[in-house]
Amino acid sequence: MTRTWWSLVLLAAVALGTAQVSAGQGGRGGFTLPMTMEQINQRLEGDTALTAEQKPKVEAANAEFTKKMEEANKKEGVAAAQAEMDKAREARDRDAIQAAMKKLTDARGFDAREEYKKALTPILNEAQLTKLFARGPRGGAAKTQ
């Protein structure tokens with residue numbers, strides 16, 4: 001009985017983790033778009049922290065970008081391209097990831113990272129943008145300390 005229960009717990013945890021990555025809730029080496037305010041605040045600490053004036057503007061930009069992504073993700077071909085991306089990431093195949101990203105970008109009709117950066121550019125200063133969109137090793141999001 002205990003063995004079955006632990007098996008079910010493990011299965012649920014794996015399923016939840018897979019669902020979150022597929023739904024754009026993160027994954028290896030990157031970040032979700034739009035970033036949550038918590039993610040932004042973690043990256044922009046100290047002298048690059050958001051000001052009280054910037055916070056509501058970033059929240060509004062996030063809400064608008066979320067709507068844009070939801071609409072784009074309804075387009076034909078996006079689900080298949082996302083499934084291909086998930087498979088490539090799982091296999092850790094960089095060439096396949098790049099090919100799948102191109103298909104995903106083409107299916108959506110825009111580069112999500114660039115569009116998100118464009119949405120935040122009028123709100124954030126150059127130092128904030130640089131720190132927020134810094135790439136770490138192997139092209140993933142940089143970790144801030």
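Please list, by residue number, every one of the GluC sites (Glu not before Pro) in segment 63-114 that is coil in DSSP and has at most 11 other beta-carbon atoms within 10 Å.
Sparse-neighbourhood loop GluC sites (Glu not before Pro): 76.
What pairs from 87/117; 74/103; 87/118 go past 24 Å between their alpha carbons?
With Cα atoms farther than 24 Å apart: 87/117; 87/118.
Among the aspartates and glutamates, which fall within straight-line cross-link reach of residue 68, defined as a Cα-Cα distance under 18 Å, with same-chain neighbours fewer than 8 residues apart omitted?
Of all the aspartates and glutamates, those that pass the test against residue 68 - Cα under 18 Å, at least 8 places apart if same chain - are 59, 76, 106, 111, 114, 115.
Once you have the Cα-Cα distance between residue 70 and residue 118, take 0.36 nm times their residue separation minus that, and quote the gain in nm to one decimal.
Length gained between residue 70 and residue 118: 15.5 nm.
Rule-based calculations on the coordinates, nothing more; no lab input. This structure is a prediction, so every number in the text was calculated from the model and none was measured. Ideal geometry is used to build each Cβ from the backbone, glycine not excepted, and the neighbour counts take in all protein chains shown.
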